[in-house]
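Please read the structure below before turning to the comments.
The values are calculated or read from the model by the stated rules, or taken from the named source; none is laboratory data. In this text the structure is predicted, and so the values were computed from the model without any measurement. Positions of Cβ are generated from backbone atoms using ideal geometry, with glycine treated the same way; all protein chains shown enter the neighbour counts.
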């Protein structure tokens with residue numbers, strides 16, 4: 001939050017002469033601030049200067065091939081799972097809003113199931129799909145034409161992770177998309193229908209593009225969240241950052257050191273994704289985004305305007321006060 | 001001599017338990033400008049929306065261009081229209097809304113060309129050229145690349161009129177087109193509508209602008225409590241009304 005605006009221009013006194021303002025010192029704020037800084041420094045120091053952490057090993061592993069490979073898998077997995085989640089989420093949302101009640105019920109049931117079961121359970125389920133279906137077959141009905149795979153060949157840790165994370169995200173994202181679609185003014189739909197478009201065209205050409213501007217900000221959040229949720233993939237050995245880090249510390253017992261390595265990478269990825277999100281938001285209608293999230297730090301700074309502008313508004317304010325005073 | 005373009009008889013409509021239309025009889029011949037006046041909540045906007053099937057009718061008969069709205073007579077029975085039948089029907093009727101309803105993500109010229117591309121199947125270039133011509137007609141060619149929020153209310157409504165005209169409608173419906181406008185912007189919209197009326201367009205105009213109804217309307221209908229209380233030439237309804245309800249309403253608004 002920005003600091004409250006502090007007036008520096010003098011005020012007219014009882015006899016009309018201008019009297020300057022003496023700023024107040026907020027001693028309570030200073031004391032509490034100092035205490036808070038001291039506490040945070042103590043916390044940080046107790047970790048950084050902890051002799052049980054071997055920082056040289058942290059830096060040694062930070063750029064080791066196995067960790068870098070894990071980072072790459074984590075990024076790739078997050079992107080793919082988010083794409084699956086987003087596209088399926090849009091389909092589910094449209095189904096849920098359709099006039100066909102069968103489609104509505106299917107979407108509702110899907111969302112209930114995937115939001116109602118822990119994502120950890122879903123990951124393990126997909127990984128062990130072979131117990132249910134040892135073989136996966138794609139076949140043209142009533143013919144011998146088709147393909148057949150061993151389920152265990154297909155359901156690697158990576159694909160199980162993609163399915164588990166993607167399907168799970170789609171259930172959550174469907175609700176976001178539904179809210180976005182419903183937030184588009186009803187008049188837009190009516191104008192499109194009156195213009196001779198079918199309901200499908202109206203949705204595709206008029207409603208969805210406008211809903212997108214409302215949907216984009218939460219999308220960025222979902223992706224950032226997904227970057228870290230992929231660490232659950234450790235249970236199905238998905239070769240992601242967390243899996244690889246854990247494999248290393250299980251061998252050399254440098255548990256904290258490798259958790260720090262993984263955390264540093266997750267933080268770097270999150271920072272990059274946050275930056276990308278703000279760029280994305282700027283592209284898709286700043287108006288809609290501002291409704292969902294407040295202005296960013298940089299925007300707040302820019303909005304304060306130049307000192308010249310501030311001086312001008314202050315002079316205007318003075319003029320209006322003087323005007324009122326003379327009227328009296 | 002002329003067959004009616006719109007003919008309603010005994011049209012009823014309710015939202016839940018609330019009866020909005022109580023048997024509306026109404027007629028518009030090609031080339032006519034028909035103004036509908038009446039107090040808020042009297043059902044006049046609902047009736048207008050029934051004409052292009054944005055609302056369904058519960059009872060009575062509503063014909064546009066000689067056939068029932070929403071139903072197709074086939075094999076001795078009426079079958080409800082499919083989605084694309086509604087779309088084809090509406091593409092021949094232009095509608096202008098109280099709140100403009102310009103597409104918020106498109107600029108002015110894209111608003112006008114949208115249906116040309118997606119409904120009439122024109123190429124993007126041809127549609128754009130046509131849309132520019134329509135914008136020029138309402139005097140807004142200079143604002144073609146502006147988004148709706150960059151335009152004044154009056155300009156937005158004129159873009160909306162251009163958007164409806166681009167599809168070469170045989171009938172134009174206006175739903176209180178100036179009610180959401182600041183007073184100083186009302187005239188520019190009314191001027192566009194007047195030019196349209198002089199050009200021979202068939203129009204049904206729900207309005208609170210009694211002056212416009214008097215000057216431009218061929219007929220004026222007074223709506224109250226879901227029925228048309230009185231209908232006739234502007235002079236008869238607005239100046240020499242025999243109905244106390246009409247006179248009471250006119251006393252309030254004039």
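Against the condition in contact with a helix residue (DSSP H, G or I) (Cβ under 9 Å, 6 or more places away or on another chain), in a helix (DSSP H, G or I) and without any contact (Cβ under 8 Å) to a residue 40 or more places away in the chain, how does residue A:76 come out, does it pass? For residue A:76, the condition - in contact with a helix residue (DSSP H, G or I) (Cβ under 9 Å, 6 or more places away or on another chain), in a helix (DSSP H, G or I) and without any contact (Cβ under 8 Å) to a residue 40 or more places away in the chain - is met.
Checking the stated criteria, residue B:55 turns out not to satisfy the condition of being in a helix (DSSP H, G or I) and surrounded by 17 or more Cβ atoms within 10 Å (Cβ to Cβ). Tell me which residues, restricted to segment A:248-265, are in contact with a helix residue (DSSP H, G or I) (Cβ under 6 Å, 6 or more places away or on another chain) and part of a helix (DSSP H, G or I). Hits for segment A:248-265 are A:248, A:249, A:255, A:257, A:258, A:260, A:261, A:262, A:265. Residue B:88 meets each of the listed conditions (1) within 14 Å of another protein chain (Cβ to nearest Cβ); (2) surrounded by fewer than 22 Cβ atoms within 10 Å (Cβ to Cβ); (3) outside any helix (DSSP H, G or I) apart from (3).
Taking segment A:115-142, which residues are assigned to a helix (DSSP H, G or I) and over 20 Å from residue A:158 (Cβ atoms)? Give the steps one after another, and end with the answer.
Residues of segment A:115-142 assigned to a helix (DSSP H, G or I): A:115-116, A:119-127, A:129-131.
Within segment A:115-142, A:115, A:116 qualify.
Considered as a group, the residues in segment B:55-80 that are within 14 Å of chain A (Cβ to nearest Cβ) and without any contact (Cβ under 8 Å) to a residue 24 or more places away in the chain include one that is farthest from residue B:152 (Cα to Cα), and that residue is B:80.
Of everything listed in (1) more than 28 Å from residue B:41 (Cβ to Cβ); (2) surrounded by 14 or more Cβ atoms within 10 Å (Cβ to Cβ); (3) within 14 Å of chain A (Cβ to nearest Cβ); (4) touching a residue at least 12 places away in the same chain (Cβ under 8 Å), the single unmet condition for residue B:149 is (2).
The requirement of being part of a strand (DSSP E or B) and more than 14 Å from chain A (Cβ to nearest Cβ) is fulfilled nowhere in segment B:43-52; no residue meets it. Residues in segment B:23-42 that are surrounded by fewer than 17 Cβ atoms within 10 Å (Cβ to Cβ) and assigned to a strand (DSSP E or B) were compared, and the one that is farthest from the chain's Cα centre (by Cα) is B:23.
Within segment A:24-72, being surrounded by 10 or more Cβ atoms within 10 Å (Cβ to Cβ) and not in a helix (DSSP H, G or I) holds for A:26, A:50, A:53, A:54, A:63, A:64. For segment B:1-22, a residue qualifies if it is assigned to a loop (DSSP other than H, G, I, E, B) and either crowded, with 21+ Cβ neighbours inside 10 Å or within 14 Å of the chain's Cα centre (by Cα) (or both), and exactly one does: B:5.
Among the residues of segment B:94-104, at least one is touching a residue at least 12 places away in the same chain (Cβ under 8 Å), within 11 Å of chain A (Cβ to nearest Cβ), in contact with a strand residue (DSSP E or B) (Cβ under 8 Å, 6 or more places away or on another chain) and surrounded by fewer than 19 Cβ atoms within 10 Å (Cβ to Cβ). All conditions in (1) in contact (Cβ under 8 Å) with a residue 40 or more places away in the chain; (2) within 27 Å of the chain's Cα centre (by Cα) hold for residue A:52, with the sole exception of (2).
Scanning segment A:109-120 for residues that are under 24 Å from the mean Cα position of the chain (by Cα) and either surrounded by fewer than 12 Cβ atoms within 10 Å (Cβ to Cβ) or farther than 22 Å from residue A:162 by Cβ (or both) gives A:112, A:116, A:118. Here is the figure for segment A:190-202: residues that are more than 7 Å from every other protein chain (Cβ to nearest Cβ) and closer than 17 Å to residue B:159 by Cα total 1.
Let's see how each residue does on (1) within 10 Å of another protein chain (Cβ to nearest Cβ); (2) surrounded by 19 or more Cβ atoms within 10 Å (Cβ to Cβ):
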| position | (1), (2) |
| --- | --- |
| A:180 | no, yes |
| A:185 | yes, no |
| A:204 | yes, no |
| A:213 | yes, yes |
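Can you say whether residue A:245 is in contact with a helix residue (DSSP H, G or I) (Cβ under 7 Å, 6 or more places away or on another chain), buried (at least 22 other Cβ atoms within 10 Å of the Cβ), away from chain B (no Cβ under 14 Å) and in a helix (DSSP H, G or I), as far as the supplied structure shows?
yes
For segment A:156-172, state whether one or more residues are surrounded by fewer than 21 Cβ atoms within 10 Å (Cβ to Cβ), in contact with a strand residue (DSSP E or B) (Cβ under 9 Å, 6 or more places away or on another chain) and part of a helix (DSSP H, G or I). Within segment A:156-172, not a single residue is surrounded by fewer than 21 Cβ atoms within 10 Å (Cβ to Cβ), in contact with a strand residue (DSSP E or B) (Cβ under 9 Å, 6 or more places away or on another chain) and part of a helix (DSSP H, G or I). Take residue B:159 and decide whether it is more than 10 Å from chain A (Cβ to nearest Cβ), modelled with pLDDT of 95 or more and farther than 26 Å from residue B:33 by Cβ. Spelling it out, it is not the case that residue B:159 is more than 10 Å from chain A (Cβ to nearest Cβ), modelled with pLDDT of 95 or more and farther than 26 Å from residue B:33 by Cβ. Taking the criterion of being buried (at least 18 other Cβ atoms within 10 Å of the Cβ), in contact (Cβ under 8 Å) with a residue 12 or more places away in the chain and in a loop (DSSP other than H, G, I, E, B), the residues of segment B:106-146 that qualify are B:106, B:107, B:119, B:138, B:140, B:144.
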